[in-house]
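Values in this text are rule-based calculations from the coordinates and carry no lab data. No experiment lies behind these values; they were computed from the predicted model shown. Using ideal geometry, Cβ is built from the backbone for each residue, glycine included, and neighbour counts are taken over all protein chains shown.
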Amino acid sequence: MKFVYDFAEGNKDLKDLLGGKGANLAEMTNLGLPVPPGFTITTEACQQYLRNGQHVDGLAGEIDTHLEALESAMGRRLGDPADPLLVSVRSGAKFSMPGMMETVLNVGLNDASVAGLSRQAGGNDRFAWDSYRRLIQMFGKTVCDVPGHEFEDALHEAKTAKGVTDDVQLDAEDLRALVTAYKKVFVKHTGHDFPQDPREQLDLAVEAVFRSWNADRAVLYRRQERIPTDLGTAVNVVAMVFGNLGSDSGTGVAFTRDPATGEQGVYGDYLANAQGEDVVAGIRNTLPLADLEQLDKTSYDELMRIMATLEGHYRDLCDIEFTIERGKLWMLQTRVGKRTAAAAFTIAAQLVDEGVIDLDEALTRVSGAQLAQLMFPRFDLSGSPESITRGVGASPGAAYGQVVFTSQQAVEVAAEGRPVILVRRETNPDDLPGMIAANGILTSRGGKTSHAAVVARGMGKTCVCGADDVAVSQDSFAVGEAVVREGDVISIDGTTGRVYLGEVPVRPSEVVQYFEGDLDPAHANDPLVAAVHRLITHADEKRRLTVRTNADTGADAARARRFGAQGIGLCRTEHMFLGDRRELVERLILARNETERNEALVALQPLQRADFLEIFREMNGLPVTVRLIDPPLHEFLPSLEELAVKVAVAHEHGRHVEHDEQLLAAVRRMHEQNPMLGLRGVRLGLVIPGLFAMQVRAIAEAAVALAAEGGNPRPEIMVPLVGAVQELETVRAEAEKIISEVAGSSGVRILIGTMIEVPRAALTAGQIAEAAEFFSFGTNDLTQMAWGFSRDDVEGAFFWRYLELGIFGISPFESIDADGVGRLVTIAAEEGRAARPGLKLGVCGEHGGDPDSVHFFHQVGLDYVSCSPFRVPIARLEAGRAAVESEGSDHR
Ligand code: PEP
Ligand code: MG
């Protein structure tokens, strides 16, 4: 195995092997750009080193060979006392991990070569000793774990002793003394002298860079950025060039376009007489890149030429690092540059206009995650507000308001026109009015699929969940020492999960205004809005997946339609049984005989019919999948504790509370240890006579009513939680009878299908397809039951440990677990279609709006994804990208 590549041997496509930095240094070398000579040690060497815990067979010999070549190219030997070659040893993984791993500069300096360096620099002793002390400091920290502050303390002492405040005021003698002090620090911590052998320095530095792959901060960064843990870093050994050799030297960073806004024109910073680390440390103020034109026109012009070459070559925004050593320009790094979400869209559209890329490629340059960022209002953090805690960013956005602790208070305060943040330990369906009224929701329990999170996302409302150091009491909450009382104002960021005291100003999203057809005239010519329009339009042309929405009110349906939804994939009917209808549900549950039960159902039916009619109207001409009631009925009753207390208190006062006593008895009777696996879904329909029939009749009547108005209703009835075809057949037989009774002669056609959300349903999909005209994958329950993870508990309880152990890189409730849950989907899709060609397949779990999952569903060949209204544009974009990507791989 070959472990070392000269820059001339690599190219930009070898990022896996050479890391991003190494691959791009090689690419620039081969483009003939001025890159200091050097070589790259591969990520495979790093992987072997980390696996063996040490030595990599054959590596030392390869380094010898490449070092010799480097020495002869430079006409200098590493650490030669008379005329030393010095090298930098830099990390560089496949994915950029800025500042997470290590770099050692000036390797090759020692007590003897420091004089040679001074001679090279025209007798500049100060520069030579400064370079030497920087080597000991970096090497000590990076290679030998010497605490960095000890070096900083010694530097501080040197300055104090001399009575100066700035490093540059130390002269050669001071720095020579500092080197002595640094060496003492080094011996104290390591038990041996700073190594004088340049080759030993090099080997140790390379190993330290390997090890830095597993430094705590690098591990954390990878977890956050979802970068795999086993890639390892490459190591670049590069001839040193110096930007700190005087006023004709300097260093800078530059972008070929503005990475914040995407605006055309170069953009960057320059610092004269400095090394890269000084720029990062922010020791002195940098100059705008344009000023370099006055300072050194030749280098500036060359840099402009190189940047144009790089953009043309990479066909994208590039960022670069460069150094000028005594008037000679050197390129130290380039890569396709990171950019904000807004810049990503703007630049992709610009590059299409410039004829550099086509629209298909432009689509691959943006992502649904970026579009999501653009769709939420943002905090203006310019005032640097103080964050008091951080929970799970469960539904993105930025909201501030007065703190309230109950749903009712939220409604009252909002009715007075004031913004509200509803703070709860956790929410339940009863909190819905308060959640609707609130600007944001903060809970101390639950994860991204908790009730609060799911409902908030559905409404596009800001939500922070599981802020577990928030102790919620009746009229205040505490975070450590801080106490926030009812009526105090807080601000919550649903993207970062941060909670701030006081009001942080918020800016609305112009991209949402565009989708809503309500664009503020100030943004009429906004290049970002134009770019979003262009790319989403192209995505719509390309995509094969249809995008529907999960909506259970007319208002949600209307908004989703404006956002481009092509129907409803999931209308959950349970929300229609809350509020003032709860009393009817109680009557249904408490019914002592068929007559009482029928009375309750008869009273519910017109209400349901009106619900459906409103939704069908909003979705006129488009399919609407209505799911029959799913949750256990006891969820509609008050809690056992609440009732027991109420009844006990009443009894103490000698009062007879018959209704509450009946409810309490019912709650006791209906109590389940595992309600998610209990009497819910299709089981309710089979056990409670008339319940599903009432809903089916309401659906059919609403459809007939819309048709009578001249509309085009396209209802689909969906049965939840089916695990066996017999369950579906039973419900189907009853439903068909009612439909033909109600709609037989109306021309309205109603499909009947099922959710696939129980693993057994997926595994017997061939049988189930015989009785279903469509399948909709309920990936929330399917994930819950495939993993045996309670969807309301596990994310907050222990997922952190699973993520830490790398059991999965992201919660399977957020992004589809392709190997397990995804396999169930694949099996069901294949076997379902084999049994019933043309079977319509969709997904309506939370995954329907998750970018990675959308690609998976495209590949599996589903017909549609269904997601919350706010995710509709994201799913449209990702479905377009998935189509372009699979075209690309078909061509290959
Ligand atoms: C599902 O289980 O994926 C689903 C969509 O149903 P619910 O979330 O309502 O259980
Ligand atoms: Mg479900």
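Can you compute the FRET efficiency between Asp488 and Asn620 using 1/(1 + (r/R0)^6), with r the Cβ-Cβ distance and R0 = 56 Å? Round to the nearest 0.05.
Working: r = 46 Å, r/R0 = 0.82.
FRET efficiency, Asp488 to Asn620: 0.75.
For Val602, Val470, what ranking results if the residue with the fewest other Cβ atoms within 10 Å of its Cβ goes first? If you can, show how the numbers build up before the last one.
Working: Val602 12, Val470 23.
Ascending Cβ contact count within 10 Å gives the list Val602, Val470.
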Checklist outcome for this item: Most exposed first, judged by fewest Cβ atoms within 10 angstrom, Trp787, Trp800, Trp330 run Trp800, Trp787, Trp330
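Where both residues lie in the chain, what percent of DSSP beta bridges are antiparallel, nearest 5? Mind dumping the intermediate values first?
Values: 63 of 102 bridges.
Rounded to the nearest five, the antiparallel share is 60 percent.
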Item to check | Residues with amide H under 5 Å from that of Ser868, placed H, sequence gap 5 or more | outcome: Asn550
Next on the checklist: Give me the one-decimal nm value for the distance between modelled label points at Asp358 and Asp57, 7 Å along each residue's Cα-to-Cβ direction.
Outcome noted: 4.9
Checklist entry - In degrees, nearest 10, range 0 to 90: what is the angle between the Cα axis of helix 725-743 and the longest Cα principal axis of the chain? => result 60
Next on the checklist: Let me test this: with uniform point scatterers at the alpha carbons of the range 623-722, what is the Debye-based log₁₀ I(q)/I(0) at q = 0.16, 0.17, 0.21, 0.23 1/Å?
Outcome noted: -0.79, -0.83, -1.02, -1.12
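Please report, in whole Å³, the volume per residue of the convex hull around the C-alpha atoms of the range 213-279. Present the calculation step by step, with values, prior to reporting the outcome.
Details: hull volume 10.1 nm³, N = 67.
Convex hull of Cα atoms, per residue: 150 Å³.
How would you order 383-389, 556-562, 647-653, 682-688 from highest to lowest mean count of nearby Cβ atoms within 10 Å?
Numbers: 383-389: 14.0, 556-562: 20.9, 647-653: 11.3, 682-688: 18.6.
Result, highest mean first: 556-562, 682-688, 383-389, 647-653.
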Next on the checklist: Under 12 Å between alpha carbons, and skipping anything fewer than 8 positions from Lys162 in its own chain: which aspartates and glutamates qualify?
Outcome noted: Asp171, Glu173, Asp174
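I'm a student and want to see the number: the projected area of the Cα convex hull of the range 378-507, averaged over all directions, in nm². Please report the intermediate quantities before stating the final value.
On the way: hull surface 26.5 nm².
Mean projected area of the Cα convex hull: 6.6 nm².
Per residue and in Å³, how big is the convex hull formed by the alpha-carbon atoms of the range 4-240?
Details: hull volume 31.1 nm³, N = 237.
It comes to 131 Å³ per residue, whole-number rounded.
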Next on the checklist: With every atom except the alpha carbons ignored, what do you get for Rg and Dmax of the range 425-491, in angstroms?
Outcome noted: 11.7, 34
Checklist entry - Over the Cα atoms of the range 155-246, how large are the radius of gyration and the largest Cα-Cα distance (Dmax), in Å? => result 18.2, 50
Item to check | the range 546-561 - phi-based ³J(HN,Hα) in whole Hz, Karplus 6.51/-1.76/1.60, Gly and Pro as x | outcome: 7, 10, 10, 10, 9, 8, 10, 9, x, 5, 5, 4, 5, 4, 4, 5
Item to check | Two-site label geometry, Leu763 and Arg655: point separation in nm, points 7 Å out along Cα→Cβ | outcome: 5.3
Checklist entry - For the chain, what size does the Cα cloud have along each of its three principal axes, sorted from largest down, in whole Å? => result 106, 68, 57
Checklist outcome for this item: HN-Hα couplings for the range 786-800 via Karplus (6.51, -1.76, 1.60; θ = phi - 60°), in whole Hz with x for Gly/Pro, come out as 6, 8, x, 9, 5, 5, 8, 10, 5, 4, x, 7, 8, 4, 3
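Per residue of the chain, what 222 nm ellipticity follows from adding -39500 (n - 2.57) for every DSSP H run with n ≥ 4, rounded to the nearest 500?
Values: 36 runs with 417 residues, N = 892.
Value at 222 nm, helices only: -14500 deg cm²/dmol.
Return a whole-number percent for the relative contact order of the chain, with Cα pairs under 8 Å and 6 or more residues apart as the contact set.
9
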Checklist entry - What list of whole percents do you get for P(r) of the range 241-339, with Cα-Cα distances grouped in 5 Å bins up to the one holding the largest distance? => result 3, 14, 26, 26, 19, 9, 2, 0
Checklist entry - Once amide H atoms are built 1.01 Å from N in the peptide plane, which residues 5 or more positions from Ala93, or in another chain, come under 5 Å H to H? => result Gly20, Lys21, Ala234
Checklist entry - Which links in Lys737/Lys840; Lys21/Lys338; Lys15/Lys338; Lys2/Lys338; Lys141/Lys188 stretch past 21 Å when you go from one Cα to the other? => result Lys737/Lys840; Lys2/Lys338
Checklist entry - Residue-wise, which Karplus ³J(HN,Hα) couplings in Hz belong to the range 762-772, taking 6.51 cos²θ - 1.76 cosθ + 1.60, θ = phi - 60°, and x for glycine or proline? => result 5, 7, 10, 4, x, 6, 5, 4, 4, 10, 10
Next on the checklist: Compute the helix-to-body angle for 821-835: its Cα long axis versus the longest principal axis of the chain, expressed 0 to 90° and rounded to tens.
Outcome noted: 50
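Mind sorting Phe127, Phe775 by how few other Cβ atoms lie within 10 Å of their own Cβ, fewest first?
On the way: Phe127 22, Phe775 30.
Final ranking by Cβ density, sparse to dense: Phe127, Phe775.
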Checklist entry - Roughly how many whole Å is it from the C-alpha centroid of the range 163-183 to that of the range 345-361? => result 52
Next on the checklist: What do you get for the angle between helix 216-225 and the principal long axis of the chain? Use alpha-carbon atoms, 0 to 90 degrees, nearest ten.
Outcome noted: 50
Checklist entry - What relative contact order, as a whole-number percentage, does the range 645-729 give when Cα pairs under 8 Å and 6 or more residues apart are counted? => result 26
